[in-house]
Amino acid sequence: QDLAGLYFSSTEIAGGAIIVGLPRAGKSTALHAAIVSMSLIYPPEELELYLIDSKHGVEFKVYESLPHARLVSINSEREFAVAVLTSLDSEIARRAELMKQHTAGKANITEYRLATGETLPRIILFMDEFHEVFEEDDALGQAAFQAFSNIVRQGPFAGIHAVVASQTLSSMPAMDRGTLSLLPMRVAFMCNETDADLVMGDTNRAVKALSNQGEGIYNPARGEPSHNKPFRGTYIAPDERAALLAAVAAKAADAGAPRRPRVFDGDRLANRPADPPDGSATRPVLRIGEPFNLERWAGLGLRRGRGSNVLLLGTGEDDGRRDVSIDGATQSCVSEAAGQGLTLWVVDFVGDLEVDDNALDLMGACEALGIAYRRASALAVVLGEVAREVASRRDVADYQRPGLVQVLNGLHRALDLAPEDPYADPADEQDDAARVLGAVLRDGPEVGCHTIVVMDGLAQFDRRLGRDMLKEFDWRVAGSGLSPADTAVITDSFNVGTVRPSQLLIVDHGRGRIRRVRAYPPHTPASIHIDRDRSGR
């Protein structure tokens with residue numbers, strides 16, 4: 001329908017809108033007016049909004065309770081925006097297949113809904129400062145262009161449309177201007193001449209006459225001058241907008257549709273999922289963060305094969321800072337393993353820590369979950385128990401027994417541990433712990449006995465285990481405190497970018513995959529009961 005000047009049709013060859021304007025010219029006002037207008041007219045089951053702020057800002061934070069919003073992005077990187085574009089491209093393919101299966105010959109969402117009576121909501125992507133996604137002609141820029149191009153060309157038939165806005169269009173090397181020109185609706189506020197020509201075309205000079213804030217030109221015909229519609233933008237004061245959004249949320253809740261969007265804040269830790277994991281005692285999956293796409297979680301799948309151990313690397317307590325993301329990942333591994341029925345041995349070399357708010361330290365989390373918790377002096381005992389279990393399984397070729405996980409937290413503080421010496425005398429007790437640990441790391445994963453090691457950095461890893469043992473850790477997780485050099489080593493890449501304090505890099509070395517995720521925080525007494533209920537302890 002004609003909402004705030006924007007009309008989204010299922011029969012357009014390409015459908016969507018582009019808005020350009022200098023700061024304070026009216027661009028942001030127009031975006032908010034369009035979002036609020038749509039939300040006032042359509043119910044959440046008819047309309048899904050994806051709100052992406054590409055400039056690492058908080059423009060859309062006001063919509064974090066809007067039931068129409070499926071996703072609200074703030075403080076997010078290019079990587080997340082590209083993931084959203086890719087996900088919407090996949091949704092187009094899914095809907096096309098749905099139409100093909102249920103309504104042979106039906107070409108678009110309107111005909112599909114008439115034929116089936118099913119409510120398939122329209123999806124509107126609002127992307128503010130979208131030029132930043134295409135500002136580099138790299139792998140991310142190319143992936144973004146491919147997905148965006150498909151959304152513009154094929155999305156309208158499936159009921160998926162894009163509204164993109166920017167202060168300037170002059171620097172987008174990864175964007176094909178031919179694709180951008182397919183967006184039929186153009187809105188220009190005061191802007192520079194180059195941007196005006198890009199949006200409205202060389203022959204449309206109406207934008208030059210704009211002189212006041214809030215004045216704009218709306219053109220629904222790809223800039224054809226005869227279709228210019230001068231207008232003044234609709235301003236909704238923040239207090240009024242908040243009241244309208246609250247009323248919309250209340251109406252949706254009364255109607256039984258109290259949906260809340262997923263809010264992706266790149267500067268904050270993620271909320272732990274409340275649902276149980278998809279793994280089991282023989283195929284465990286340890287969820288440790290929220291991915292930079294529309295999937296619910298990202299985790300570590302402990303395969304039964306050599307190398308299926310986990311290394312968590314971050315900044316520890318020695319320099320006065322705590323890597324909260326690594327602390328959260330450690331506790332996630334423990335609680336997730338317990339919830340899937342694995343046997344757990346936890347040896348903590350760090351001990352008591354000062355934690356923020358009401359967060360639990362590792363000892364508190366283990367006590368709440370009923371997990372055996374030991375300090376550094378128990379290392380030899382625990383290694384012996386795990387080694388005997390590994391030997392027992394290997395002797396009878398038992399590859400189906402429920403899994404076992406030993407967690408060695410702060411192993412850099414195991415002062416008596418030195419790298420295993422392959423030329424040492426087997427009777428030399430000084431190297432016994434290193435030999436046993438090395439054997440467990442090599443032989444354990446095949447029979448479901450995995451090790452999770454938490455350390456400060458690669459220098460500490462080399463000192464305690466030796467660099468050669470790095471190959472026994474297919475799963476490597478880097479926190480924000482890890483140095484760029486260490487991050488490059490464990491990822492085999494110098495192009496992973498900066499890891500924020502709320503984030504983790506997950507490296508599946510065996511499969512050559514790297515994922516950036518928002519980390520979960522350490523457990524609190526309120527969150528730990530979920531995992532305790534799962535484990536039955």
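The values are calculated or read from the model by the stated rules, or taken from the named source; none is laboratory data. Predicted model only: the values in this text are computed from it and were never measured. All Cβ positions, glycine included, derive from the backbone under ideal geometry; neighbour counts span all protein chains shown. SASA here: full protein model, heavy atoms, side chains in, ligands and nucleic acids out. Shrake-Rupley method; radii C 1.70, N 1.55, O 1.52, S 1.80 Å.
Taking the C-alpha atoms only, the angle from helix 324-339 to the longest principal axis of the chain is near 70 degrees.
Rolling a 1.4 angstrom probe over the chain with all protein chains present gives an accessible area of which 51% lies on carbon and sulfur atoms. A viscosity of 0.692 mPa s and a temperature of 37 °C, combined with the Kirkwood radius over C-alpha pairs in the Stokes-Einstein formula, give region 445-526 a diffusion coefficient of 237 µm²/s.
The alpha carbons of region 33-136 give a radius of gyration and a Dmax of 15.5, 44 Å, in that order. Average accessible surface for the chain: 42 Å² per residue, computed with a 1.4 Å probe over protein heavy atoms with every protein chain in place. Relative to the longest principal axis of the Cα atoms of the chain, the long axis of helix 139-154 makes an angle of roughly 40 degrees.
Once divided by 2.2 N^0.38 Å, the Cα radius of gyration of region 169-269 becomes 1.49. Once C-alpha pairs closer than 8 Å and six or more residues apart are averaged by separation and normalised to the residue number of region 426-527, the relative contact order reads 19 percent. Each Cα pair under 8 Å and six or more residues apart adds its separation to the average, and for the chain the resulting relative contact order is 16 percent.
In order along region 175-190, the Karplus-derived 3J(HN,Hα) couplings, from 6.51 cos²θ - 1.76 cosθ + 1.60 at θ = phi - 60°, round to 9, 7, 5, x, 5, 4, 5, 6, 5, x, 9, 10, 10, 10, 9, 4 Hz, and Gly and Pro are given as x. Each Cα pair of the chain feeds into the Kirkwood radius, which the Stokes-Einstein equation turns, at 20 °C and 1.002 mPa s, into a diffusion coefficient of 83 µm²/s.
Beta bridges assigned by DSSP with both partners in the chain are antiparallel in approximately 30 percent of cases.
Under the rule of -39500 (n - 2.57) per DSSP H run of 4 or more residues, summed and divided by the residues of the chain, what mean residue ellipticity at 222 nm is obtained, to the nearest 500 deg cm²/dmol? Write out the running numbers ahead of the final one.
Values: 14 runs with 172 residues, N = 537.
It comes out at -10000 deg cm²/dmol, rounded to the nearest 500.
About the centre of its Cα atoms, the chain shows a dipole size close to 1720 debye [charges on the beta carbon of Lys, Arg (+1) and Asp, Glu (-1) only; nearest 20 debye]. Mind checking which of 286, 313, 378 is farthest towards the positive end of region 276-421's charge dipole, using Cβ charges of +1 (Lys, Arg) and -1 (Asp, Glu) about the Cα centre? Of the listed residues, the answer is 286. Simple point charges give the picture: +1 on the Cβ of Lys and Arg, -1 on the Cβ of Asp and Glu, and for region 133-217 a dipole about the Cα centre of about 380 debye. One decimal place: the segment residue 463-residue 240 gains 74.2 nm when fully extended, by the rule 0.36 nm per residue minus the C-alpha distance.
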